[in-house]
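Each value in this text was obtained by applying a stated rule to the coordinates, not by laboratory testing. Note that the coordinates shown come from a computational prediction; the quantities given were computed from them, not determined experimentally. As a convention, Cβ positions derive from the backbone with ideal geometry for all residues, glycine included, and neighbour counts pool all protein chains shown.
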Amino acid sequence: MKQVKLTTEAVFWNGAPLRRRNPSQALRDFHLGLLHEFYVGPEYRFSVVDDVGLACLAATAVCLHFQRRWHGILPEQRAAVFVTYSGSLVTDLVYQKSMGAGGRSSPRVFVQTLPNMVAGQVAACYAVRGEHFVLIQDGPRSSAIAETVEMCLKYGPAKVCLVAWVEQTETELAVELLLCYADAKDQAAGLLGSASMGRSYRMQ
Amino acid sequence: MSAAAVITGHAALSCLGDSSAAIWTALRQGKIGLQAEETAEGIHCPVGRVSETGQGGEPEFTELLRRTLENPPPNWRWSDPQTTWILGSAKGNVAALQKGRGDYPLSASAQTVANTLGLVQPPICISTACTSGLAGIIHAERLLRSGKYRRVAVSGCDLASDFVLSGFNRIQAVSTTFCRPYDADRNGINLASAAATVYLEWRTPQAGEISIVGGATSNDGYHISRPSPEGTALQDCIRRSCGDQVPDFICGHGTATVLNDNTESEAIFSSGLAAVPTFSVKGQLGHTLGACGVLETIITQQCMEENTILASVGFARPGTTAAVNISRNIELKPIRNALNIAVGFGGGNAAILLRKA
């Protein structure tokens, strides 16, 4: 398995806690700390991100840190399928509040109200230039996710697909990440905790 | 010809009309459906509304969507397990936050509509900003090709809500005059509401039928709100969609922002398609965000059926970084292949190739 789960308390690697957040530590500091520790890449540009975007960048850094094979794959052969339910709800509410009379907000806030922004930020920072889909689904166990990953790997040039479940509400923030390689031998067994996705892919 | 994803039906609502046929007639006549409006934040700009009474008279998100799904092709059965539905939208029903009209999550809106249709399969929702609709068509073509489904409907829907108008204005992307795609004097987009649906079926196309024969998505991997200046990832999409085919025309994204149109021109030029007539319909019906991919696929199909290349309304003087052939007048000629492309915030790109049997 090659699975990362990031919650507000800790980051888990294959189910085991890898780093825990100090209770007195701000969430953004926890995520920035993970980035400083695990990010490897030519470009470091994480300044223009909201909380959920930063969480995704941190989780991706942890996930790819342990994946030497990822770094040998061309950017055009790296696909991304991101999935969420609430989408950009938290940022939408922030922007909505700023819309009233005399309200102000940075232009970047509106850009980040698009649900695909976190995937775009990951793509920009980790050179993911292949097939690209963002789904809005009820949960991480949707068959639509498995189908989308399968279609990307089967009909596009992708050799690997970065699959993410991203959920942010006003009280919670969670990111689950998994890498699916087109080579079935390397296919992860428990895709986002769902056996159905693994089964679906192995049918190829 | 072998089996392909054949377009067996379509429906659309936009500021140019309440049916695909009405929109086509208006496009042919060179009409502009955008009308001057004062937004909630006091900005005066052209906006495209599906209702003549303006934003207040526009149907709610799910109602607008439902109206494009009322009349599927005769053999269409939503209750067939081999039938599914994909919805693409950039902002979905974001007005629910403000007005409490309907559900906020896109999947909840989609399920509400799916329940009224009697759809057995759970709807698939794609939100990749302005490429949402086209990404939906690409995904649908693959699902059909894989044999997972026999029929897939793809809808695109977005509203020019206060939220969206405010946001695009704050990033200084809105033009206060009619937009001018690819023109030297272009200065931004005109936003518009729209909903559109195409019905796809996997079978051997009959003579004259239009099918989707190629498609690809990609990401610039560059910046979330600025397209890559070289348009390399969009070029990759075009190459993977077209293969060795040269389209007879290109229905471009052409938003009329300086950066988008430059990137698009670079990608078209680098793909060896600089001489291919290219137009954008956004000068007539505005930028419909996540709906544009589906709406413009319907328009592309109509162009192919009528052997017509539309004029790019608003274009007068070349002004993109790469020289491409922007269509100035309506042209009649035999058409076999056409390319439809879309570009979006978040670095997304999408392209499909359509073919007439």
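A few notes on this one:
- Modelled label reach - B:GLU41, point 7 Å along Cα→Cβ, region A:73-106 residues with backbone N closer than 18 Å: A:91-106
- Measuring spread by the Cα atoms of chain B yields a radius of gyration and Dmax of 18.4, 55 Å.
- 17 Å cut-off, amide nitrogen to a point 7 angstrom out along B:ALA357 Cα→Cβ, residues in region B:173-208: B:199-208
- Check: region A:3-202 dipole with +1 on Lys, Arg Cβ and -1 on Asp, Glu Cβ, in debye: 380 debye
- Likely footprinting exposure, A:HIS71, A:HIS132, B:HIS10, B:HIS287, fewest C-beta neighbours within 10 Å first: A:HIS71, B:HIS10, B:HIS287, A:HIS132
- DSSP finds beta bridges in region A:66-179, and of those with both partners inside it, around 40 percent are antiparallel.
- Efficiency of FRET between A:VAL40 and A:THR7 - r from beta-carbon atoms, R0 25 angstrom, step 0.05: 0.60
- Inter-chain neighbour count for B:171-182: the average number of beta-carbon atoms from partner chains within 10 Å of each residue's beta-carbon is 1.
- Each DSSP beta bridge with both residues in the protein assembly as shown is either parallel or antiparallel, and the antiparallel ones are about 70%.
- The ranking of B:LEU65, A:LEU32, B:LEU234, A:LEU179 by Cβ neighbour count inside 10 Å, starting from the fewest, reads A:LEU32, A:LEU179, B:LEU65, B:LEU234.
- Considering only Cα atoms, the convex hull volume of region B:210-356 works out to 91 Å³ per residue.
- Least to most buried among B:ILE32, B:ILE238 (fewest other Cβ within 10 Å first): B:ILE32, B:ILE238
- Counting only DSSP beta bridges with both residues in region B:4-203, the antiparallel share comes to about 65 percent.
- Extending 7 Å from Cα along the Cβ direction at A:ASP29 and again at A:LEU74 yields two label points whose distance is 4.5 nm.
- Loop-resident sites, region B:248-309, for chymotrypsin sites (Phe, Trp or Tyr not before Pro), counting at most 12 other Cβ within 10 Å (DSSP): none
- Among the residues of B:119-129, the average count of other protein chain beta-carbon atoms within 10 Å of the residue beta-carbon is 6.
- Whole-percent pair-distance distribution, where bins are 10 Å wide, for the alpha carbons of region B:1-95: 12, 35, 33, 14, 5, 0
- Placing unit charges on each Cβ (+1 for Lys and Arg, -1 for Asp and Glu) gives the protein assembly as shown a dipole about its Cα centre, and among B:LEU259, B:ALA207, B:PHE345 the Cα reaching farthest toward its positive end belongs to B:ALA207.
- Compactness of the protein assembly as shown, expressed as Rg and Dmax over alpha-carbon positions, Å: 21.9, 70
- Along chain B, longest interval not containing exposed GluC sites (Glu not before Pro), exposed being DSSP loop plus at most 10 other Cβ atoms within 10 Å: B:71-357
- Note on chain B: with a GNM built from Cα contacts shorter than 10 Å, the maximum mean-square fluctuation among B:ILE210, B:ILE224, B:ILE299 falls on B:ILE224.
- Only Lys, Arg (+1) and Asp, Glu (-1) charged, at Cβ; chain B dipole about Cα centre in debye: 620 debye
- Tail fraction, Cα-Cα pairs, region B:4-203, threshold 27 Å, whole percent: 31 percent
- Straight-line reach from B:LYS356: taking Cα to Cα under 13 Å and skipping same-chain neighbours fewer than 8 places apart, the aspartates and glutamates in range are B:GLU209, B:ASP248, B:GLU305, B:GLU306.
- Average beta carbon contacts from partner chains per residue of B:346-355, 10 Å cutoff: 4
- Each residue, A:SER106 and A:GLN67, gets one label point 7 Å from its Cα in the Cβ direction; the gap between the two is 2.8 nm.
- Here region B:152-211 is treated with +1 on each Lys and Arg Cβ and -1 on each Asp and Glu Cβ, and its dipole about the Cα centre works out to around 120 debye.
- Positive end of the dipole of chain B (Cβ unit charges, origin at the Cα centre): among B:GLY57, B:LEU134, B:PHE168, the Cα lying farthest that way belongs to B:LEU134.
- Spin-label pair B:LYS31-A:ASP51: with each label point 7 Å from Cα along the Cα-Cβ axis, the two points sit 4.8 nm from one another.
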